[in-house]
1. Going by a ≥ b ≥ c, the root eigenvalues of the Cα gyration tensor, does the chain fall in the rounded group (a/c under 1.5), the prolate group (a/b larger than b/c) or the oblate group?
2. Using amide H atoms built in the peptide plane, which far-off residues or other-chain residues are under 5 Å from residue 107 H to H?
3. May I ask what percent, to the nearest 5, of DSSP beta bridges between residues of the chain are antiparallel?
4. Sticking with the crude label model, points 7 Å out along Cα→Cβ, report the distance from residue 29 to residue 157 in nm, one decimal please.
5. FRET efficiency for residue 66 and residue 2, Cβ-Cβ distance as r, R0 = 25 Å, nearest 0.05?
6. What does the charge dipole of the chain about its Cα centre add up to, to the nearest 20 debye, if the Cβ of each Lys and Arg holds +1 and the Cβ of each Asp and Glu holds -1?
7. Which pairs, out of 6/63; 6/59; 63/98; 42/63; 59/98; 42/121, put more than 24 Å between their alpha-carbon atoms?
Amino acid sequence: MDRSQKADSVAALNAVFNEVSVVVVTRNLGLSVAQSTALRGKMRDAGASYKVAKNRLAKLALKDTQYEGLEEHLTGPTALAWSTDPVAAAKAAVEFAKTNDKLEIVGGAMGSTKLDAEGVKALASMPSLDELRAKIVGLVNAPATKVAQLANAPAAKLARVFGAYAAKDAA
């Protein structure tokens, strides 16, 4: 990698760090290519990204961002996961780490709040933005459905009473 490629890489990572909600630092303890590909696929499905970056370049990219405190985690064979959804990257990384002991969660940050490995796992246990939106829509929709049922109930009762009188008169 020559100097211009390194500069481009640092600039790209810096742009990412200025846009995302959460960054998770993982340590790769000998992931195979197939395992790494599977992890990237899970990240992509969750709406997150995963990148193995040189620690020195990642430290340069972290400067002047809200994630500056992550430099201490960037030692050894590390990789970065990030997402705009505050939960997606953490959830995908933790789920993959549960089934594969070659991926270790080192730490991360959610905005300017630094997280240790346990903090990232706690973040992963929270519902994602899509799940929260679905719950809110369900809560908002339920009363509207009940109001519609109650509004129709008197008319239905009235129709049954008329139907009963009609049946009584016909008999």
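Where a number appears in this text, it was derived from the coordinates with a stated rule and is not lab data. Predicted model only: the values in this text are computed from it and were never measured. All Cβ positions, glycine included, derive from the backbone under ideal geometry; neighbour counts span all protein chains shown.
1. Values: a/c = 4.02, a/b = 3.21, b/c = 1.25.
Prolate shape, in that a/c is at least 1.5 and a/b is the bigger ratio.
2. 25
3. Working: 21 of 21 bridges.
Here the antiparallel bridges make up roughly 100 percent for the chain.
4. Taking the simple label geometry, residue 29 and residue 157 are separated by 6.7 nm.
5. Rounded to the nearest 0.05, the efficiency is 0.25.
6. Numbers: 22 positive and 17 negative charges, 90 e Å.
Around 440 debye, computed over the chain.
7. On the way: 6/63 15 Å; 6/59 12 Å; 63/98 31 Å; 42/63 29 Å; 59/98 28 Å; 42/121 17 Å.
Flagged as over cut-off: 63/98; 42/63; 59/98.
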